[in-house]
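First up is the structure itself, then whatever we jot down about it.
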Amino acid sequence: MNTIPPHPIAVIDLGTNTFHLLIVPPDTTSSVGFNHVFRDRRFVKLGQDGIERISPAAWQRGIDCLCDFRKALDQWEVSQVWALGTAALRTAENGTDFIQEVLAKTGIQIQLIDGLEEAAFILKGVRLAVPFTQEPSLVMDIGGGSVEFIIANATQTFWVKSFPIGVTVLYRNFHFNDPIEADQVHAIRRFLEETLGSLREALIQYPVNRLVGVSGTFDVLENLLEVIDGDDRYQVLDTGRFEAILNEIQVLPFEERLSVEGMPEYRADLIVVAMLLIDAILQMGKIEHLWVSHFSMKQGMIASLMEKGSA
């Protein structure tokens, strides 16, 4: 039987691919003000059949997941829960209906946020995990429906933008064969070159030499690349073999990607387009250093709640 901490709070991040639940009690002995007591991650893939409309199968997966989250919230006697919906829910034409059904069945009220609000929570979480200096870094959070980019240092945010080019979008629009064909790879590269023009200009104005990746594909890269530094909140990766691994993976069919050491089954379908996206950013910014933050939007949400004194 779990010991219930006093007045735990919870946040739910409803992404296009993944729903996350994080429950924490305030902890003044922790350097960030809290410690995780329970977390759950479900690969709901809400946008699997397109982010324009939630399909019946994805809808049911989402409802089932949030009903399970409700049970966990009750078990831990959570005093407050904050649920935020991102790209898939703000894009899908039936997203509002989904939100209403969730409220009716679970009592969880989902708030939609735009890409810039999402980026602000991401940066707040990353700053709790990663040591920043006065040199700007590029923070990148790859979602299923959108990708958030933030150029920031320890005290300032220089540039922020959300692009609707998440890995589910790239996969559905470009990855038609498995293994992916050369013309599809070229099409992705051309698309990113055209779409990310404002990011390229920002990187000229604010040069960076460090990419800080958040969650998802970056967690997989921890398994595929050598870890050269870090702790339980962040990892520094050796990018020396990134290109070689990308070249190896993109010629493998799905079944063979599953057998790659360190490749989770739930990432094997989207890993090729995700790594092509990361490669485009590394090349665009001529970035040599790759860090992975283990804190993300969820921790930023928790920190925001605690700053408001809501805990």
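The values are calculated or read from the model by the stated rules, or taken from the named source; none is laboratory data. On a predicted model such as this, the values are computed, not experimentally measured, just so you know. Virtual Cβ from ideal backbone geometry, glycine too; neighbours counted across all protein chains shown.
Search the range 233-255 for residues being in contact with a helix residue (DSSP H, G or I) (Cβ under 9 Å, 6 or more places away or on another chain) and of a type in the set (D, E, K, R), and hand back the single one that is nearest to S296 (Cα to Cα). Quick ask: steps written out before the conclusion?
Within the range 233-255, the first condition is being in contact with a helix residue (DSSP H, G or I) (Cβ under 9 Å, 6 or more places away or on another chain), and the residues that meet it are 233-235, 237, 239, 241-243, 245-246, 249-250, 252.
Add one more test, that the residue is of a type in the set (D, E, K, R), and what stays is 233, 241, 243.
Values: R233: 10, R241: 25, E243: 26 Å.
Among them, the one singled out is R233.
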List pairs: first residue in the range 92-110 and assigned to a helix (DSSP H, G or I), second residue of a type in the set (F, W, Y) and surrounded by 14 or more Cβ atoms within 10 Å (Cβ to Cβ) anywhere in the structure, Cβ distance under 7 angstrom, at least six positions apart or on different chains. F98/W59
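Go over the candidates G62, G47 one by one and state the one that is modelled with pLDDT of 95 or more and either under 13 Å from T18 (Cα atoms) or β-branched (V, I, T) (or both). Steps first, please.
On the way: G47 fails: modelled with pLDDT of 95 or more.
The unique qualifying residue is G62.
Let's see how each residue does on (1) crowded, with 23+ Cβ neighbours inside 10 Å; (2) more than 17 Å from L192 (Cα to Cα); (3) at pLDDT 95 or above; (4) in contact with a helix residue (DSSP H, G or I) (Cβ under 8 Å, 6 or more places away or on another chain):
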{"position": "P136", "(1), (2), (3), (4)": "yes, yes, yes, no"}
{"position": "I142", "(1), (2), (3), (4)": "yes, no, yes, yes"}
{"position": "G145", "(1), (2), (3), (4)": "yes, no, no, yes"}
{"position": "E148", "(1), (2), (3), (4)": "yes, no, yes, yes"}
{"position": "A154", "(1), (2), (3), (4)": "no, yes, yes, yes"}
{"position": "F158", "(1), (2), (3), (4)": "no, yes, yes, yes"}
{"position": "F163", "(1), (2), (3), (4)": "no, no, yes, yes"}
{"position": "F174", "(1), (2), (3), (4)": "no, no, yes, yes"}
{"position": "N177", "(1), (2), (3), (4)": "no, yes, yes, yes"}
Residues of the range 173-213 satisfying the condition of being under 23 Å from the mean Cα position of the chain (by Cα) and assigned to a loop (DSSP other than H, G, I, E, B): H175, L196, V208, N209
Selection from the range 246-285 of residues in contact (Cβ under 8 Å) with a residue 40 or more places away in the chain and part of a loop (DSSP other than H, G, I, E, B) yields V251, L252, P253, G262, M263, P264, D269, L270, G285
